[in-house]
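Okay, so here's the structure we're looking at.
The values are calculated or read from the model by the stated rules, or taken from the named source; none is laboratory data. All values reported here derive from a predicted model rather than from experimental measurement. Heads up, the Cβs are rebuilt from the backbone with ideal geometry, glycines too, and the neighbour counts pull from every protein chain shown. Remember, those area values only see protein heavy atoms, side chains included, never the ligands or the DNA or RNA. Shrake-Rupley method; radii C 1.70, N 1.55, O 1.52, S 1.80 Å.
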Amino acid sequence: MDTTEFPLVLFTIATQMAVGAFVVLGAVQLFIARQYGRAAVETLTRPAGYAVGVVMVLGLVASILHLGSPQRALNSLRHLGTSPLSNEIALGLAFAAAGFAFAVLEWRRIGTSRVRQALAGGTAVIGLAFVWASARIYQLPAQPAWNTWYTPASFFATALLLGTLAIGTAFVIAAARRLQADRNDPIAGLLRTCLRWVATGSIAMLGVELVIIPIYAVQLGAQPAVGAPFILRLVLLVLGAGILGLALYWAASTERAGTLSLAAITTAALALVLVGEGIGRLLFYGLAQSGIGS
């Protein structure tokens, strides 16, 4: 694993998690609001929405560190439409700008609910296009290990897995202190419903990762890459996503939803998955240097 790629790893994982979290958050607001009302749902989801912006900014700062300077980042926009790197940076900036605009409209209650929902939908589409553009950068004929179906599949899987786990963790943290003060708060029922959806989604995305990762390794014949880091990544994914998914589902079925102890468990589980995804991304970049697949 090449540790010099840490800024690039941070950029791709942070921005993909931000996109996945925004998409999951939008899905929760769209479907759950019909049952509990938009005002109640916003009480739970608004803090998570602000956190998405922080993660996206962190990812963009990491991209500047990787490119060397803000000027190089701006210069890379000169070939918009023909360069995958230019497309990635432009879409990343567009996603951040649209997300910021949406956050301001939500915060200040500007415009109608339909207008804000339309902006949220457009922002989600831009974010998914950004993830696709990021994957396209690596699908080069000169790098057979990257130029496969796995690159876009893994990028989208990472986005949705981390996004789902991040939103679940944000929900629990946001509700913990409120429910500690009043266990009969109406938000408790809403939280339990959201956690069931999040738990199901996280376990489903874990299943996707555990299918595509071994298939890709077998297709590459990548025995040198399937060592301790590879096994460690799978273990961390199972421990993190699996434990978090089960913990959230258990909490949603009991009166433990929103407790401080559950908040600690979900935060630790998310950290495990983040480390696992970081190892996986370092292994991904290391494939090009090792010449595996060529």
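Among the numbered conditions (1) at pLDDT 85 or above; (2) more than 18 Å from residue 13 (Cα to Cα), the only one that residue 152 does not meet is (2). The number of residues in segment 98-139 that are modelled with pLDDT under 90, open to solvent by 50 Å² or more (accessible area, probe 1.4 Å), among the charged types (D, E, K, R) and assigned to a helix (DSSP H, G or I) comes to 2. If I ask for residues that are farther than 16 Å from residue 120 by Cα and not small (Gly, Ala, Ser), which ones from segment 33-48 would you list? The answer is 34, 35, 36, 43, 44. Exactly one residue out of 9, 24 is outside any loop (DSSP other than H, G, I, E, B), more than 12 Å from the chain's Cα centre (by Cα), modelled with pLDDT of 75 or more and crowded, with 19+ Cβ neighbours inside 10 Å, and it is 9. Screening the candidates 220, 272, 260, 287 for the property of being open to solvent by 30 Å² or more (accessible area, probe 1.4 Å), modelled with pLDDT under 85, of a type outside the set (D, E, K, R) and touching a Gly at 6+ places or on another chain (Cβ under 7 Å) yields one hit, 220.
One residue stands out among those in segment 155-166 that are of a type in the set (A, V, I, L, M) and farther than 12 Å from residue 12 by Cβ: the one that is most open to solvent (accessible area, probe 1.4 Å), which is 160. Do the conditions hold for residue 280, that is, is it closer than 25 Å to residue 45 by Cβ and in a helix (DSSP H, G or I)? No. Using the structure shown, decide if residue 171 is closer than 30 Å to residue 254 by Cβ and in contact (Cβ under 8 Å) with a residue 60 or more places away in the chain. The answer is yes for residue 171. Total residues in segment 188-217 satisfying the condition of being open to solvent by 20 Å² or more (accessible area, probe 1.4 Å), within 13 Å of residue 154 (Cβ to Cβ) and aromatic (Phe, Trp, Tyr): the figure is 0. If you go through segment 83-97 and keep only what is open to solvent by less than 70 Å² (accessible area, probe 1.4 Å) and within 18 Å of the chain's Cα centre (by Cα), you end up with 88, 89, 91, 92, 94, 95, 96, 97. Of all residues in segment 67-88, those satisfying the criterion of being at pLDDT 85 or above and either of a type outside the set (Gly, Ala, Ser) or outside any helix (DSSP H, G or I) (or both) are 87, 88.
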